[in-house]
Amino acid sequence: MTGRSKYYVIDGGSGADQIAATRRCLVDSPRHADALWIIEPVSERLMPAVAEARGALGEPQESKPEPFTIQLPPKEQREMATELAVIAIGPLQRLTAGPLRIVLVCDGEQVVSAEVERGFAARNLAMRFRGLTIENALDLAASISPLSPAGSRAAFARAVGRAHDEGEVAEERVRGSLWWLVRFADFAGVQWLAERARLVAQKPDPAATEQLRLHVERDRLLRIRFRGVGVLKEEFLRSRGITGPVLEASARGEGDVLSRMLIRLEGLGNSLTSRGDLAVNVTHDGVHVQEVSWRAPSAPFVDLIPEIVRNERLADAEAIIASLDIATAEVDG
């Protein structure tokens, strides 16, 4: 990408880190772009959103979103009988790594309810594993969680009794946390943090990462904006099968958005991905794969979004979702 071109990016589910690495070239709306950058794979279900973004290039034109039905609570069940606003976010949005549609029903600035529509990053991956040799399946396993290919391959290797490189997994986990911070800071409009995290992510170093953590911890504006926002209790998270840094932030910190930022920079834990435990189950005959299934660390969060954003302010609800580091490709498969 050269010259003065402005790009709008469509992430099919595997390009979040690439987007973060080249953020300076990108714009947030196709109406402000003169070219599209599409990171495949793009599922058939995502194609209408891709076509809509393509149509918005150049001069603005009326959008035609897919029909979506949501059940509004009756007025007598609300504290104040005001008119509700329905805000549809996505499937192309910045809160998650990959496409996801989130529909928020708001009463003023407060979120009354939410619904989530998934499946936009589906790749029919489970079907593609069937009949492969174990060696070939190990290569495909990197696609289970495309933002954590080494961790995905390691999870598959464990399931079939093969060795894997723990050092590579650990390095990838650190990079994953740093690239998440770049994306989160871009979303939150904290440009100094996005730029500094981007530099560290391109060449991770323990000393530089610790300095970055100290800057985040000491920044007064970050404390004002994110401390006490989106508090999740440890017991609640454990009961829902949550693992990784979100659980650690509640077990060792305040469990808010700021704690989730800090805990990721500490590099704690031994999970296979920067988001938490990736559990893979493989049925095979010793040579060929018969069935593969997995439970991705992002999966529980997708189901929890309606519960954890209810009664939050709209701006806080968006920050809470972004702080979870949901990777939709590992959820949709």
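Taken as Cα centroids, segment 281-333 and segment 1-48 sit 23 Å apart, rounded to the nearest whole angstrom. Here the chain is treated with +1 on each Lys and Arg Cβ and -1 on each Asp and Glu Cβ, and its dipole about the Cα centre works out to around 520 debye. Under 5 Å from the amide H of residue 10 lie the amide H atoms of 37, 38, 39, each residue being 5 or more positions distant or on a separate chain, with H modelled from the backbone and absent for Pro and chain starts.
How would the chain be classified by its alpha-carbon gyration tensor: rounded, prolate or oblate, with rounded meaning a/c under 1.5 and the a/b versus b/c comparison settling the rest?
Values: a/c = 1.33, a/b = 1.22, b/c = 1.09.
It is rounded, given that a/c, with a ≥ b ≥ c, falls under 1.5.
Taking the centroid of alpha carbons for each part, segment 106-155 and segment 203-272 are 24 Å apart.
For the pair residue 84 and residue 165, what calculated FRET efficiency results from E = 1/(1 + (r/R0)^6), where r is the Cβ-Cβ distance and R0 = 35 Å, to the nearest 0.05? Before the final figure, lay out each step's value.
Numbers: r = 52 Å, r/R0 = 1.48.
That gives a FRET efficiency of 0.10.
Inter-label distance, residue 313 to residue 202: 3.5 nm, where each label sits 7 Å from its Cα along the C-beta direction.
Placing unit charges on the Cβ atoms only, positive for Lys and Arg and negative for Asp and Glu, gives segment 128-301 a dipole magnitude near 580 debye about its Cα centre. Candidate membrane-span-like segments in the chain, meaning DSSP H helices with Cα atoms spread over at least 30 Å of their own axis and a Kyte-Doolittle mean of -1.0 or above, are 166-188, with no membrane implied. DSSP beta bridges fully contained in the chain are about 75 percent antiparallel. Exposure proxy ranking for 186, 11, 34, based on other Cβ atoms within 10 angstrom of each Cβ and starting from the fewest, stands as 34, 186, 11. By the helix-only formula, in which each DSSP H run with n ≥ 4 contributes -39500 (n - 2.57) and the sum is divided by residues, the chain has a 222 nm mean residue ellipticity of -12500 deg cm²/dmol. Sequentially through segment 232-238, phi angles give Karplus couplings (6.51, -1.76, 1.60; θ = phi - 60°) of 10, 6, 4, 4, 4, 5, 4 Hz, Gly and Pro residues having no value and appearing as x.
Each of residue 293 and residue 279 was given a label point 7 Å from its Cα along the Cα-to-Cβ line. The distance between the two points is 1.1 nm. 3J(HN,Hα) along segment 140-148: 5, 4, 4, 7, 4, 10, x, 7, 9 Hz, from the Karplus curve 6.51 cos²θ - 1.76 cosθ + 1.60 with θ = phi - 60°, whole Hz, x for Gly and Pro. Under 5 Å from the amide H of residue 132 lie the amide H atoms of 289, each residue being 5 or more positions distant or on a separate chain, with H modelled from the backbone and absent for Pro and chain starts. For segment 115-122, 3J(HN,Hα) computed residue by residue from phi via the Karplus equation (6.51, -1.76, 1.60; θ = phi - 60°) reads 9, 10, 10, 10, x, 6, 10, 5 Hz, glycine and proline entered as x. Listed from fewest to most Cβ neighbours within 10 Å, the set 164, 288 follows the order 288, 164.
Placing unit charges on the Cβ atoms only, positive for Lys and Arg and negative for Asp and Glu, gives segment 7-56 a dipole magnitude near 140 debye about its Cα centre. Cα gyration tensor of segment 200-283, axes a ≥ b ≥ c as square roots of the eigenvalues: rounded (a/c below 1.5), prolate (a/b > b/c) or oblate? Because a/c hits 1.5 or more and a/b fails to exceed b/c, segment 200-283 counts as oblate.
FYI, it's all coordinate maths here, none of it is from the lab. Because the structure is predicted, anything quoted here is derived from the model rather than measured. Quick reminder, even Gly has a Cβ in these numbers, built from the backbone with ideal geometry, and neighbours come from all protein chains shown.
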